[in-house]
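Beneath this line is the structure, given in structure tokens, with notes to follow.
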Amino acid sequence: MEAILQASPVAIHLLERDGTVRVWNPAAERLFGWARDEVLGHRVPWVAESQWDAFRRHLEQVVQGEVLPGLELELQRRDGTPLHVELWTSCVAVPTGPAQCLGMLVDLTERRRSDAFRRLLFEAGEVLPASLEPDATLEHLARLAVPAHAESCRVYLEDTDGRARCVVSSGLDARASRLDAQAHAPSDAVVADVITSGEAVLHAGPPSWLCVPLGRRGQPPGALTFTTSERAYDARDVALANALARRAALALDNARRYQEALRTIRTREELLAIASHELRSPVSALHLQVQNLRALLDRGPDAPPRERLQRGLDLMGRLTKRQAHLIDALLDLSRIHAGRLELNPEPMDLGALVREVAERFEPELAGSGSLLTLTLPSETPGRWDRLRLDQVLTNLVSNALKYGRGNPIQVELSGTDAQVRLDVRDGGIGIAPEHLPQLFHRFERAAPGRAFEGVGLGLWIVRQVVEAMGGSISVHSEPGVGSTFSVLLPRQRG
Ligand code: ADP
């Protein structure tokens, strides 16, 4: 019997009906922290004063011969840490004296913890995907683990400048928590390391904290931190936090994709509205011109006079050009969206192309009063897609004309062995600084009202083409003084 008591992995004690300890096995020593010699002959140590009467009644019932179910108890160990046990007590007849109570104590801490882990992951599976708003998903994530697993939880995301920033946090009220969440949370440097390495970091404590990466699926990368003063986190907590972070990353990714899809749909609707309006107006104007000329023709054999006919045809020419230009832009838009912007590089002289484009603009330049000056090296060789570069030049020069108010325009080529620089400078209306950051975005227009026709696609397409060639575009502008658009292009030799 003694051997069984010694070897039992279950904590066992034998108590008199008044709670005096008669047997206290090694498993009980390990579970509670009190040694056998400290408790034998004394009142059982783990029963708090406030629970004593209830416990005595329990012992009385047992010795009266009642068969009682297991009792779940929230106790404290000798060192004050909390302990969840199930106590099974039965009556033992002792030949030398009154009946005693045999108690077996099963440690429920681990089982409770596993249940809590399962509940948290189940809840995460329910709650996180339910929101298709990334911000709401992050809010839910921060709240899920508090208070069962953490007194404070934070979610960090990497900024565009690569710095980790706490975007949402949740925590117990300062009165309910023994933890100074600020002082005991992982530092920004630790969070940054976790994001970079993708490896969790654990500070056992207590106070204890852990930091795990938010799975790579969710862009931008981030991290999740838990902090508690209650106990020391261990590897199982890290595994739980990792599992939670993976679920969150998946939900965030879905939410982002959904938002992206919504944006695409909105862009398409916007495009349809703009395109139908912009395509409609030149068609109406063309129709009017045709009707006017028809009416003039019907007046007699000499009508309309040649000069009137010429004006009408010029206008119709401009209208159809505008129409074709818009249709080309819309086609490019859908090509770029579908990732089908193909480039066909060939050896060419960019200076020659600039001269060709400038010649094409001669009639419009003459009409606007703008003077176009070219500053070109004798040769500017490289390998580029000729048609696409023609499009870039045409867009920039036509904007310089459109927004240039008749002022001089300069096109300059310069560069090094590795790259070429193209500057298109005008002395026109310029662009207000607040419009500059958005200027190369789709449908962004800085020009006031409808004073200048256009849909805001030209510069966006120019940027897409230039970037597809490995180059970049920038603008320097001052309202009322003018703008310079600068394109840097690698020569793409070889
Ligand atoms: P669009 O000219 O069709 O509106 P773009 O994409 O070519 O579209 O240009 C976007 C906006 O940038 C224009 O609406 C205009 O406000 C501004 N912009 C472009 N080029 C110039 C320029 N040379 N001077 C002043 N503003 C310009």
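FYI, it's all coordinate maths here, none of it is from the lab. Everything numeric here is computed off the predicted structure, so don't read it as measured data. Heads up, the Cβs are rebuilt from the backbone with ideal geometry, glycines too, and the neighbour counts pull from every protein chain shown.
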*asked:* What is the angle, in °, between the Cα long axis of helix 134-144 and the longest principal axis of the Cα atoms in the chain? Nearest 10 is fine, range 0 to 90.
replied: 10
*In square nanometres and to one decimal, what's the mean projected area of the convex hull around the Cα atoms of region 364-494?*
8.1
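Sort Ser281, Ser486, Ser378 so that the residue with the fewest other Cβ atoms within 10 Å of its own Cβ comes first and the one with the most comes last.
Values: Ser281 13, Ser486 16, Ser378 6.
Taking fewest neighbouring Cβ atoms as first place, the list is Ser378, Ser281, Ser486.
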*Put +1 on the Cβ of each Lys and Arg and -1 on the Cβ of each Asp and Glu in the chain; which of Val67, Leu365, Ile336 then has its Cα farthest toward the positive end of the dipole?*
Leu365
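From the C-alpha coordinates alone, can you work out the Kirkwood hydrodynamic radius of the chain, in Å? Provide the component values of the computation, followed by the final result.
Values: mean 1/r = 0.0330 Å⁻¹.
Here the Kirkwood hydrodynamic radius works out to 30.3 Å.
Before anything else, pin down the relative contact order of the chain: Cα pairs under 8 Å, at least 6 apart, normalised by residue count, whole percent. Display every interim value, and only then the final one.
Values: 799 pairs, mean separation 37.0, N = 494.
Relative CO of the chain lands at 7 percent.
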*asked:* On C-alpha positions alone, give me the angle between the axis of helix 235-298 and the longest principal axis of the chain, in degrees, nearest 10.
replied: 20
*Could you tell me how many degrees, from 0 to 90 and to the nearest 10, lie between the Cα long axis of helix 188-197 and the main elongation axis, the longest principal axis, of the Cα atoms of the chain?*
80
*Considering region 2-107, what Rg and Dmax in Å follow from its alpha-carbon atoms?*
12.9, 38
*Antiparallel DSSP beta bridges within the chain, percent to nearest 5*: 95
*Within region 320-357, find all residues whose amide N lies under 16 Å from a label point positioned 7 Å from the Cα of Leu279 along Cα-to-beta-carbon.*
320-335
